[in-house]
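So the structure is just underneath, and the comments pick up after that.
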Amino acid sequence: MGLLALGTPLDWPEAEKNANHVRQWGIEQLLAIWKRARGKERDALRWGDEIEYLVVAFEEECRKVRLSLRQADILKALAQDEALSKQGGCVPDLQVVKSNGEAIPVFHPEFGRFMLEATPGKPWGIGFKDLLDVEPNMKWRRIIAKDHMESNEFPITLTTFPRLGTRDDFITPYYPPSGERLRSQFLPDEIANPHIRFPTLAANIRSRRGRKVEINVPIFKDENTPVPFKDPTVEYDMHNWPEDDDVRNGAAKDNHIYMDAMAFGMGSCCLQITFQAKNITEGRRLYDQLSPLGPIMLALTAATPIYKGFLADTDVRWNQISRAVDDRTPEELGEAPLSHDRWRVPKSRYASNSTYISQDPRLRKEYMDPELVVDKDLKQRLMNGGMDALLATHFAHLFIRDPIVIFAEDLKELDLNKTDHFENLQSTNWQHIRFKPPPHDKDTGWRVEFRPMEIQITDFENAAFCIFIVLITRAILSFDLNFYIPIPLTTANMETAHARNAVLDQKFHFRNDPLPPRPMKANGASGTTTPAYQPSRPPTPTGPVEDEHSLMTIDEIINGQSGEGFPGLIPLVESYLNSVNVDVETRCELARYLDLIRNRASGQLWTGAKWIRHFVRDHQDYKGDSVVGEVINYDLIKAVEGITKNEGKDRMGEEMLRSGWAARPKGSACG
């Protein structure tokens, strides 16, 4: 999250009047970026990761754990640390950060007052030694964060706090539920970052919808779970706000856990990676080729089996966040005939991608989303300004949305040397892959953000998944890999990834053969630059599209099929590593990370979601009724703290981390 702007935010009625104005100015700023940066060339691919923490506070005497709302105090303590300031500082929202020698990690606020975001102090390079620095840097970030917290606080990396929104005091300091902005039955306004952008975002999403957001997650039906399950935390006789009618009108569904506020989604933590491409062509290519991998990595990193104190029948967070920021009106949802709104919109503004953007001859029109909604006038304006139709379609699709937060001061004058109006819409289209033009004020290139992965409990796991995705990008560019499938199949895969234990029990649409119709060839140098080999222009595919893909398990996608089937992402990565000059010690260290991915996919190691679910169901206080009580929650979070520190060495959490590590596959570099 970048520096937060200040200003006078418009409430929704006024923001709606100015929405088209902001869209038009945003398009003009985009065209200015395009003209300035379309030929921009950078050095080799660089990248960075983002780790998000929940700050919890333990009360050990009564075995209780709460979310700590001390984000601002922790950031202030970090900014006022003289030793950190001498090294350049680490809180850009509160101080000028300059790199002095070794770049120290950087910390940012997030939506929830119980959250922190941490990034490396400078981008990672593509050198293999850089990859081996990722895990130590992640550990360093957590140590620095913990050192600036109270003694009973700890930064954990769980996707959600298991009892967020229960009827007890799950936050400290305590505030009662409800408030003008969220109008939630379960959460107070004070749970959100007080910066005016965040409460305005929540309030204007609710106002634009005409009702509160509606999040229903299917309950996990255990042996003593009531049938039908009716969420016992819902109050049907509350009359504080007009939106309290929502539950009386059927918002809370039977057999589901019901939530009603943006904070239930944007209070989730995730693991994100941003790549800076060599140029726009490489960036567009990575955007397309990473898109089909999104649902696979979502399922492989599954870590979210609990909501609001109940076991859910899903394992991941994505749809819950999607619904938490869904500002679509009844007309846009197809619940009412179009009269005021321009079109029906199939997806929330937090959703899987709906476009491909690479000028790749292998991109067939049959891969495109037939339900794609585009603002044709804005697309034409972009094309008139020199942008090609494919990229113009992408941005004209993003710009069908309204800007949600508009500051009055920003409406006075259009500045083409800024990107505020463009980013107003770009940054509130939360797709699973994001294509990011260069900022106006930095020497940064075209970037691609990989967003679907769930945060993991340990720094080792988070580093492993980051390193794996980085190596996948290297294999894509080195071997000219082709993962194209029709966009609706990626959309379907995102839904499949939500299923309980999808990593083992479900199949996903995936391309049968990613290899080009010629021998693979990669740069034989150090691997620190984009490969010099440029393959001849690949032929446009022919034949039925349905023959190009099939249903596969995660194990088959990651580890490969036997015979002439899909080669597997790990074997492709290892082929890339074989093709470049990697010393044995580095190769063995990388093998540790690849082993985690390999064994998660095969089921030899559990996902975080499976481990958490098993911990709850195996707890002596669990009654088989899907309820995660306060004592169970305390013991779970204490176990998570222990796993964070010991990483399975004391056997706690070894099902996720340690099983089978000694048995490396035949042919491994460290076998």
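Annotations for the structure displayed:
- Looking only at residues in the range 228-282 that are among the acidic types (D, E) and under 26 Å from the mean Cα position of the chain (by Cα), the one that is most open to solvent (accessible area, probe 1.4 Å) is E282.
- Of the candidates L31, L54, the single residue that is modelled with pLDDT of 95 or more, open to solvent by less than 10 Å² (accessible area, probe 1.4 Å) and in a helix (DSSP H, G or I) is L31.
- Residue match in the range 290-304 (condition: farther than 30 Å from D360 by Cβ, of a type in the set (S, T, Y), in contact (Cβ under 8 Å) with a residue 40 or more places away in the chain and surrounded by fewer than 24 Cβ atoms within 10 Å (Cβ to Cβ)): no
- When A464, A499 are checked against the criterion of being out of contact with any Pro (no Cβ under 9 Å at 6 or more places or on another chain), crowded, with 21+ Cβ neighbours inside 10 Å and among the small types (G, A, S), A464 stands alone in meeting it.
- Test: residue in the range 376-399 that is closer than 27 Å to V213 by Cα and open to solvent by 40 Å² or more (accessible area, probe 1.4 Å): no
- Residue match in the range 101-112 (condition: under 23 Å from I171 (Cβ atoms), in contact with a helix residue (DSSP H, G or I) (Cβ under 7 Å, 6 or more places away or on another chain) and in a loop (DSSP other than H, G, I, E, B)): yes
- The selection criterion, being assigned to a helix (DSSP H, G or I), modelled with pLDDT of 95 or more and under 26 Å from G26 (Cβ atoms), does not hold for I357.
- Across the range 538-563, the qualifying residues are those that are under 25 Å from F468 (Cβ atoms) and in a loop (DSSP other than H, G, I, E, B), and the one among them that is most open to solvent (accessible area, probe 1.4 Å) is S562.
- Count - residues of the range 571-597 that are among the β-branched types (V, I, T), open to solvent by 10 Å² or more (accessible area, probe 1.4 Å) and part of a helix (DSSP H, G or I): 1
- Residue-level analysis places E150 among those that are more than 25 Å from L6 (Cβ to Cβ), open to solvent by 10 Å² or more (accessible area, probe 1.4 Å) and at pLDDT 95 or above.
- Total residues in the range 598-625 satisfying the condition of being assigned to a loop (DSSP other than H, G, I, E, B), in contact (Cβ under 8 Å) with a residue 24 or more places away in the chain and open to solvent by 10 Å² or more (accessible area, probe 1.4 Å): the figure is 5.
- Hey, T233 hydroxyl-bearing (S, T, Y), assigned to a loop (DSSP other than H, G, I, E, B) and touching a Phe, Trp or Tyr at 6+ places or on another chain (Cβ under 8 Å) or not: yes
- Some residue of the range 254-262 being over 30 Å from Y622 (Cβ atoms) and in a loop (DSSP other than H, G, I, E, B): yes
- Matching entry among A303, A351, A396, A324 (being of a type outside the set (D, E, K, R) and over 17 Å from Q431 (Cβ atoms)): A303
- Test: residue in the range 188-205 that is hydroxyl-bearing (S, T, Y), in contact (Cβ under 8 Å) with a residue 12 or more places away in the chain, in a helix (DSSP H, G or I) and open to solvent by less than 10 Å² (accessible area, probe 1.4 Å): yes
- Residue tally, condition open to solvent by 20 Å² or more (accessible area, probe 1.4 Å) and either under 27 Å from V628 (Cβ atoms) or assigned to a helix (DSSP H, G or I) (or both), over the range 210-227: 8
- Residues (in a loop (DSSP other than H, G, I, E, B) and under 26 Å from Q320 (Cβ atoms)) located in the range 144-166: T157, L158, T159, T160, F161, P162, R163, L164, G165, T166
- Flag for A15 being in contact (Cβ under 8 Å) with a residue 12 or more places away in the chain, in contact with a Pro (Cβ under 9 Å, 6 or more places away or on another chain) and farther than 22 Å from H148 by Cβ: yes
- Contact map, the range 392-418: residues that are farther than 15 Å from W343 by Cβ paired with residues that are buried (at least 17 other Cβ atoms within 10 Å of the Cβ) and small (G, A, S), Cβ distance under 6 Å, separation 6+ or inter-chain. Pairs shown: P403/A19; I406/A15; L416/A32.
- Of all residues in the range 266-300, those being in contact with a Lys or Arg (Cβ under 8 Å, 6 or more places away or on another chain) and in a loop (DSSP other than H, G, I, E, B) number 4.
- Residue in the range 422-433 that is outside any helix (DSSP H, G or I), open to solvent by 20 Å² or more (accessible area, probe 1.4 Å) and of a type in the set (S, T, N, Q) present: yes
- Flag for K146 being without any contact (Cβ under 8 Å) to a residue 12 or more places away in the chain and among the basic types (K, R): yes
- Applying the condition of being polar (S, T, N, Q) and surrounded by 16 or more Cβ atoms within 10 Å (Cβ to Cβ) to the range 502-527 and asking which residue is modelled with the lowest pLDDT yields N523.
- Whichever residue in the range 387-408 is out of contact with any helix residue (DSSP H, G or I) (no Cβ under 7 Å at 6 or more places or on another chain) and assigned to a loop (DSSP other than H, G, I, E, B) and, among such residues, is farthest from E16 (Cα to Cα): D388
- Looking at S85, S68, S99, just one residue is surrounded by 21 or more Cβ atoms within 10 Å (Cβ to Cβ) and either closer than 19 Å to I637 by Cα or without any contact (Cβ under 8 Å) to a residue 40 or more places away in the chain (or both), and that residue is S68.
- Count of the range 442-483 residues, restricted to those that are closer than 23 Å to S575 by Cβ, within 21 Å of the chain's Cα centre (by Cα) and not in a helix (DSSP H, G or I), is 3.
The values are calculated or read from the model by the stated rules, or taken from the named source; none is laboratory data. Being a predicted model, the structure only gives us computed values, none of them experimental. Counting neighbours? That spans all protein chains shown, and the Cβs are built from the backbone with ideal geometry, glycine included. The accessibility values were calculated without ligands, DNA or RNA, using every heavy atom of the protein model including side chains. Shrake-Rupley method; radii C 1.70, N 1.55, O 1.52, S 1.80 Å.
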